[in-house]
Amino acid sequence: MNVANLFMTKQWAIACASLIASFNVATAEYADTGDAGEPASAAEAVKQLVDGLGNAQGEVLWQAFPANYQADINHFVRSFAGQMDAEAYDEMFRLLARLEVVIAEQETFILNSKLGDQSAERKKQLAELLPRVRRLLHTLNQSELTSLEKLAEFDGATVSAGTLSLLLQDIDALAEFLGIESLSERLAKVKVQSASNTNAKDPAGNTLTTLTMTGLLSDSAQTISFTQLDGHWLPSKMVAGWQQEFKNAHGHLETMPEEMVPLMKPRIMISFRMFNGLFNNMEAASSQEKFDKSARGLLVPLRNLTKVRETFILCTLPKPAGAAPAKP
Amino acid sequence: MRAGWIVSIAVACTFVGNLLAAEQLRARVLAKGESRLLKVAVLEPGGKLAKGQVTDVKVSYADYAMGYVGREIRAEASHYDSSWHLKKVFPLDGPLAEQANQDNESLNKLANERLTLTTLGVGDSVPEFGAIDQRGNYRLISQLKGRPYMLNFIFTRCAAPTMCPQSTRKMAELQDSWREQKAGQLDIVTVTFDPEYDSPSIMAAYAQAYKIEEPNYHFMTWTNEQLVDDLRFLFGILAMKENGTINHTLTTLLVDADGKIAYLEEGPDWSVDQFIAEAKKLQK
């Protein structure tokens, strides 16, 4: 189905890489002992993380954080589970499960769709794409993320080692098929070098170092300052902003049920109901024409959801100075 | 004995049901009679009316007032009160009908090729399409080129006070306010989500109920759902049939004299004053 291709752009792959880069670029646990198999420097530790992600080892991302940071992440996700609207969240995963079924059961209609490019080459590509899309959906549908009940017991160690690793594999398989640069290809090009070794300290007494990274966000070299925290190397900007960012994030979570959910839920739920109706039609379709009509229709609620994302961004933007508070 | 009664009642119900059951037919309107009677020649049979049969049929006042004489129509036929009654009458030919059909096929092709996450927005041209207005005339949207117009989507059976009824009230208010301000030309185009029910005469009655002034207000319908499906798809409007109604989102657009979207608002809370201010900017 051509709709699936819409997401698989090069920009998307780069954005994915950027997300991971901005989210961590931290290091695996190591001691500066020079023992074989263990990173001897910040540069080696960062490279180990990049290579681990490139090899679809999601757990390296988790292990890159110190224990208190891991606790912050677990706490935040569990708080999210407590504040998020269960009806909307759970329905989203029910829809993904339905999509997996529709793709499995209506493969013939999907392959013979009259929408978009109908060349034999395209049909062949689509036949190869569908199992990969199904695998990605299956990973999500079997994950710990499928309900708020499960999310309330979120454990980053488990999710990163299991679901995240599988998703990294699935995404790579999709990118490979689509002929775009995959995350693993991108990460394989990343070069990390030590730019300074001044043994400088931050005000808290943590050791600082500077690394030059090439090939992650762009092909040009970027100089990034890292801070050693409890034996983990993390970007200094992340360390400096960690507590405040989490405080802000929790603040947004607290206002979510009263401010964001009422604003966004109607739009989300009408999209979800429309998805459900379209899936019903696709499952029951007795002709190619009927199937295509519903398949094309999937784009309408999808577009609507992209607007929800815009609303969400607006909601989470800091209020301008002097703006009236949302509630008295 | 009891079983006999049950069978008799069932037979009677079936008989009455058959009598009242509406079936679709195609016919050519030959002449207008008196008392809402049209003389038609049946082209495609419906109900007990046979192909080639010429008969009188009774229609609503609004359908009677349409210029359907000489034109082919599609309608639902029922027989009761000793006469045939037609409802949901749609003209199938007439000036611009062929062009409108061609334009709508092109629109469908355009929609099927536009498989992107973006909808038509400010700066985009409204694609060409044709429709049937509340006067029973085929119209092309390009006929409005050269003057700005408002565009929105409703359906006449909408029972949610803050959705279609409010939207139509605001359009009527906008029309009145615009006229009072003598601000220039501004047409209004309202397309139905529900072409299965909203025939030209239903839309004419709807316009009358809202005291909407013609001739610059165009309620548009079509002979099938394809047109509104394609327009909804291109403008990103959600609509689904649920529990006997149509649940939908609302988008209200202002289109400039060149046929490009100049301003739009989503949702039911759009402001008449805001649209008037935006429309004034378009006056040359």
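The values are calculated or read from the model by the stated rules, or taken from the named source; none is laboratory data. Everything numeric here is computed off the predicted structure, so don't read it as measured data. Virtual Cβ from ideal backbone geometry, glycine too; neighbours counted across all protein chains shown.
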Inset, instruction - Among the residues of the stretch B:115-167, write down those that are hydroxyl-bearing (Ser, Thr, Tyr), at pLDDT 95 or above and part of a loop (DSSP other than H, G, I, E, B). - result: B:156
Legend entry - Some residue of the stretch A:66-73 being at pLDDT 95 or above, surrounded by 17 or more Cβ atoms within 10 Å (Cβ to Cβ) and either in contact with a Pro (Cβ under 9 Å, 6 or more places away or on another chain) or hydroxyl-bearing (Ser, Thr, Tyr) (or both): yes
Inset, instruction - Mind counting the residues in the stretch B:107-137 that are under 20 Å from the mean Cα position of the chain (by Cα) and away from chain A (no Cβ under 14 Å)? - result: 12
Inset, instruction - Could you list, in sequence order, all residues of the stretch B:194-229 that are more than 16 Å from residue B:134 (Cβ to Cβ) and more than 14 Å from chain A (Cβ to nearest Cβ)? - result: B:196
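Yes/no matrix, rows are residues, columns are (1) in contact with a Ser or Thr (Cβ under 8 Å, 6 or more places away or on another chain); (2) modelled with pLDDT under 90; (3) more than 17 Å from residue B:82 (Cα to Cα):
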site: B:6; (1), (2), (3): no, yes, yes
site: B:9; (1), (2), (3): no, yes, yes
site: B:13; (1), (2), (3): no, yes, yes
site: B:28; (1), (2), (3): no, no, yes
site: B:32; (1), (2), (3): no, no, yes
site: B:38; (1), (2), (3): no, no, no
site: B:41; (1), (2), (3): no, no, yes
Inset, instruction - Among residues belonging to the stretch B:230-255 that are free of Cβ contacts under 8 Å to residues at least 12 places away in the same chain and either outside any strand (DSSP E or B) or of a type in the set (Asp, Glu) (or both), point out the one that is nearest to the other protein chains (Cβ to nearest Cβ). - result: B:238
Inset, instruction - Check the stretch A:275-289 and report whether any residue there is within 14 Å of chain B (Cβ to nearest Cβ) and in contact with a strand residue (DSSP E or B) (Cβ under 8 Å, 6 or more places away or on another chain). - result: yes
Inset, instruction - Please specify each residue of the stretch A:208-243 satisfying the condition of being more than 25 Å from residue A:186 (Cα to Cα) and of a type in the set (A, V, I, L, M). - result: A:208, A:229, A:239, A:240
Legend entry - Qualifying strands (runs of 3 or more DSSP E) (wholly inside the stretch B:43-102; at least 3 residues being closer than 15 Å to residue B:201 by Cα): B:72-80, B:83-91
Legend entry - Residues that are more than 17 Å from residue A:87 (Cβ to Cβ) and over 21 Å from the mean Cα position of the chain (by Cα), drawn from the stretch A:242-276: A:243, A:244, A:247, A:251, A:254, A:255, A:259
Inset, instruction - Say whether the condition of being in contact (Cβ under 8 Å) with a residue 60 or more places away in the chain, over 18 Å from the mean Cα position of the chain (by Cα), assigned to a strand (DSSP E or B) and within 28 Å of residue B:100 (Cα to Cα) is met by at least one residue in the stretch B:263-280. - result: yes
Inset, instruction - Specify the residue that is nearest to residue B:87 (Cα to Cα); the eligible residues are those in the stretch B:163-209 that are over 10 Å from the mean Cα position of the chain (by Cα) and of a type in the set (Phe, Trp, Tyr). - result: B:206
